[in-house]
Amino acid sequence: NSLTAPVIAENKIAAIKSSLQEFYPDSDFEDVTDKYLAQDETGLIDNVYATTDNSGYIFKCHGIGYNSNGLTFLIGFNTDGSVSGFKALEQNETNGVGSKYFDDDNVQKVESIKIGDDIPMVSGATLTSTAVKNGILAAEDLFNKING
């Protein structure tokens with residue numbers, strides 16, 4: 001087990017590692033989902049990743065917007081509570097409406113907030129905005145529990 005455990009842990013992260021490195025290019029990551037997910041009371045968080053240099057956490061969240069297939073995104077928080085990154089992994093929201101939440105302009109708005117700030121909404125995309133907002137709020141809550 002001592003030989004295979006690190007390999008298994010690395011394989012769990014490998015599929016998403018390039019996305020995680022967009023948030024923290026010089027970091028390595030540890031999947032800490034098993035350690036913290038039970039503290040998520042919303043059920044909107046799928047995975048939790050910690051940087052091994054203790055610079056922040058990334059949360060993989062899901063929600064249901066206008067499209068019933070749902071959406072999946074990453075939101076990262078630096079240890080000071082500022083957002084380190086925001087990225088859609090999967091979304092099938094209406095093109096030009098709900099999909100606008102994941103356009104560069106709105107991504108920059110989300111990336112400029114800190115924990116406790118108002119989460120940007122997109123006019124005309126209430127269901128998508130609400131789904132993302134709920135996921136971000138769940139991630140903020142879990143981040144606060146982790147960071148104590």
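The values are calculated or read from the model by the stated rules, or taken from the named source; none is laboratory data. Remember, predicted model here, so these are calculated numbers, not experimental data. As a convention, Cβ positions derive from the backbone with ideal geometry for all residues, glycine included, and neighbour counts pool all protein chains shown. Side chains included, ligands, DNA and RNA excluded: accessible areas come from the protein's heavy atoms. Shrake-Rupley method; radii C 1.70, N 1.55, O 1.52, S 1.80 Å.
Overview of results
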| item | result |
| --- | --- |
| Evaluation of C61 against (1) assigned to a strand (DSSP E or B); (2) touching a helix residue (DSSP H, G or I) at 6+ places or on another chain (Cβ under 7 Å); (3) open to solvent by 20 Å² or more (accessible area, probe 1.4 Å) (one fails), failing number | (3) |
| Qualifying residue in the stretch 84-99 (condition: in a helix (DSSP H, G or I) and in contact with a Ser or Thr (Cβ under 7 Å, 6 or more places away or on another chain)) | yes |
| Condition check for D105: part of a loop (DSSP other than H, G, I, E, B), among the charged types (D, E, K, R) and exposed (fewer than 15 other Cβ atoms within 10 Å of the Cβ) | no |
| Residue satisfying all of: in the stretch 43-58; in a strand (DSSP E or B) and of a type outside the set (A, V, I, L, M, F, W, C); farthest from S82 (Cα to Cα) among these | D46 |
| For T51: the one exception among (1) closer than 30 Å to L127 by Cα; (2) buried (at least 18 other Cβ atoms within 10 Å of the Cβ); (3) modelled with pLDDT of 95 or more | (1) |
| Unique match (being hydroxyl-bearing (S, T, Y), surrounded by fewer than 17 Cβ atoms within 10 Å (Cβ to Cβ) and touching a strand residue (DSSP E or B) at 6+ places or on another chain (Cβ under 9 Å)) among S112, S27 | S112 |
| Pair list, Cβ < 9 Å and 6+ apart or interchain, from the stretch 116-144 residues that are among the small types (G, A, S) to residues that are open to solvent by 70 Å² or more (accessible area, probe 1.4 Å) and not in a helix (DSSP H, G or I) | A125/Y66; S129/M121; S129/S123; A131/I64; A131/Y66; G135/T42; A138/E41; A138/T42 |
| Pick from the stretch 73-96, criterion β-branched (V, I, T) and buried (at least 16 other Cβ atoms within 10 Å of the Cβ), ranking: farthest from G116 (Cα to Cα) | I75 |
